[in-house]
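Nothing in this text is a laboratory measurement; each read-out follows from the coordinates by a stated rule. Computed from a predicted model, the values in this text were never measured in an experiment. Here the Cβ positions follow ideal geometry from the backbone for every residue, glycine too, while neighbour counts run over all protein chains shown.
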Amino acid sequence: MMNRFVIASTACALVLAGCGSSSLPSLTTGSLFPSEKKKTDIGPPPDDPTTRAVHVGVTVARAQKCGYYFDPQKVRSNFLATEAQRNTSPETLKKLETSFDFARNRVAQQIATNPAYCNADRTATIKRDLNRYLAGDFTAPKRKQVAANSGGIFGNVDTDDKPDKFDPSGIYDSILGSSENNSGSAQTY
């Protein structure tokens, strides 16, 4: 009788010890209900110097393609002066010049042969960004938040996909075979 009590007490203690913080992988309420820290939300775009240089260079190339009247070299020098005021090292400033020039030249080459590039949406975005840069605001533009379909159980509930139309003529085709083979012949089951 005493042995059963000792064994039951030991088993109970081991089970309760397993509920504590253990380095062993186990199923806990923390794994069932993840905390907010584990979620990866899309935040604002990175606003580091290289990202800013690329954005400004791309916008300058796009604005030139769409015929905006401005001095691209002045935008470049104002950008680099702004970065120098942020206590950017001389080595980093040289990299920013290279990033700006590379982005500007690469995008200019890619869009040069596209005559339909300057549509209404693009020109509105270019105008907005170029005006900010001409005013001295070289922060990276804000991203558009797009909700992604996770594809879960109810992932397609809110989509505009319409189901296929119901075709009653083919209901029994899978059971009886194709309708061509069964035309005029009676089958018994």
Subtracting the Cα-Cα distance of residue 120 and residue 139 from 0.36 nm times their residue separation yields 4.5 nm
Based on the mean of other Cβ atoms within 10 Å per residue, sort peptides 119-126, 84-91 so the most packed one is first. 119-126, 84-91
Exposure proxy check on 52, 132: fewest-to-most Cβ neighbours within 10 Å is 132, 52
Mind running the shape call on the stretch 49-134? Use the C-alpha gyration tensor, a ≥ b ≥ c as the square roots of the eigenvalues: rounded below 1.5 for a/c, prolate if a/b tops b/c, oblate otherwise. prolate
Contour excess over end-to-end distance, with Cα ends at residue 106 and residue 128 and 0.36 nm allotted per residue: 5.8 nm
